[in-house]
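Here the structure is laid out as structure tokens; the discussion comes afterwards.
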Amino acid sequence: LVKNIRVRGTNSECFAELSINLQNDLPLEQAHGLSHQVESAIKEKHPRCHVQIHIEPFEPKIPDLFSQIRRLALFHHGISNIHGLEIREEGSQKHIVLHLEIGRHFTLEAAHQNVSNLESKILVLDKSISRIVTHIEPSSFVCHRSLEVTEENPEIVRNVTILVENFPPLSNCHGLKIFKIGSQLSMDLHARVPGNTTVIEAHRLSETLEQKIRTDFPNFANLIIHIEPLKLQ
């Protein structure tokens, strides 16, 4: 599952950020291999694109129904992304909650009708579904012009690198880049953990590190941390 895709830059050079959901007990080394495949596929089509992929753990409560709903939504006309999908069981009934991103050109009336059509298809999947609550959002597929300002901020680079190196089991902070998008700053960085770390453990480390960085550097509107595996000896 690919979500939260953001692209910035120009036709000659662009920067793409996206998240992929992988099974939460998957070894990080294997997860990183899949991430590399996605990155390679993107660069094959767009050689000048700099790709940053964030891995998130995924454990659906009801895998079959969960996957069917996601597939329906992602292949439904006008819907660009789905997130926040929950299946809540209440007795013998199921309640579905989901967030849908829909094309920005849609009027609210057209978007509501489009989502209602999708909800009708979801109801057919399982007779125990008694309620669907959908939150409609504008598509996050946007392109921003950005300017790399890493060299202009050596103190931030140094302090963030030190922070990562003093946050075991994370190590080897590299690929740190800072961008200016309008009046806002964005940071991308890579760090490593042992290859046998699970996806869910790596995700928790990434979230904790992000909180630490944001505490010291609150001016960053966007922060992408890419966790990579150290090769097992």
* What is the projected area of the convex hull of the Cα atoms of the range 139-227, averaged over all directions, in nm²? -> 6.5
* Report, in debye and to the nearest 20, how large the dipole of the chain comes out about its Cα centre when Lys and Arg carry +1 and Asp and Glu carry -1 on their Cβ. => 440
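State the antiparallel share, in %, of DSSP beta bridges confined to the chain, rounding to the nearest 5.
45
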* Asked: To the nearest 10 degrees, how steeply does helix 63-74 sit against the main Cα axis of the chain, on a 0 to 90 scale?
  -> 90
* Mean residue ellipticity (222 nm) of the chain, computed from DSSP H runs ≥ 4 via -39,500 (n - 2.57), nearest 500 -> -11000 deg cm²/dmol
* To do: Report the far tail of the P(r) of the range 43-196, meaning the percent of Cα-Cα pairs longer than 20 Å.
  => 65
* Of the listed pairs Lys43/Lys177; Lys45/Lys177; Lys94/Lys212; Lys45/Lys121; Lys43/Lys180, which have alpha-carbon separations greater than 30 Å here? => Lys94/Lys212; Lys45/Lys121
* Could you rank Lys212, Lys45 by how accessible they are, 1.4 Å probe, largest area first? => Lys45, Lys212
* Compute the Cα gyration tensor for the range 56-137, then decide on rounded, prolate or oblate, letting a ≥ b ≥ c be the square roots of its eigenvalues: rounded whenever a/c is under 1.5, prolate when a/b is larger than b/c in the other cases, and oblate in all that remain. => prolate
* Structure fact -> The answer for the range 63-102, accessible area per residue at 1.4 Å probe in Å², is 50
* Asked: In square angstrom, rounded to the nearest 10, how much accessible surface does Thr134 have for a 1.4 Å probe?
  -> 40
* Taking the chain and dividing mean pair separation by its residue count, relative contact order in percent (alpha carbons under 8 Å, at least six apart) -> 22
* Antiparallel bridges, percent of DSSP beta bridges restricted to the range 49-161 (to nearest 5) -> 50
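Take the alpha-carbon positions of the range 1-133, form their convex hull, and give its projected area averaged over all directions (one quarter of the hull surface) in nm².
9.5
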* Hey, got a sec? Which chymotrypsin sites (Phe, Trp or Tyr not before Pro) in the range 20-117 land in a DSSP loop and have at most 13 other Cβ atoms within 10 Å? -> Phe75
* To do: Please give the helix 154-165 orientation as an angle from the longest Cα principal axis of the chain, in degrees from 0 to 90, rounded to the nearest 10.
  => 70
* Accessible area of the range 136-217 divided out per residue, in Å², using a probe of 1.4 angstrom -> 54
* With every protein chain in place, the chain: carbon and sulfur % of accessible area (1.4 Å) -> 51
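The values are calculated or read from the model by the stated rules, or taken from the named source; none is laboratory data. The structure presented is a predicted model; accordingly, all values stated were derived computationally and were not measured. Cβ atoms come from the backbone with ideal geometry, glycine included; neighbour counts cover every protein chain shown. Each accessible area value is taken on the protein alone, full model and side chains, heavy atoms only, with ligands, DNA and RNA left out. Shrake-Rupley method; radii C 1.70, N 1.55, O 1.52, S 1.80 Å.
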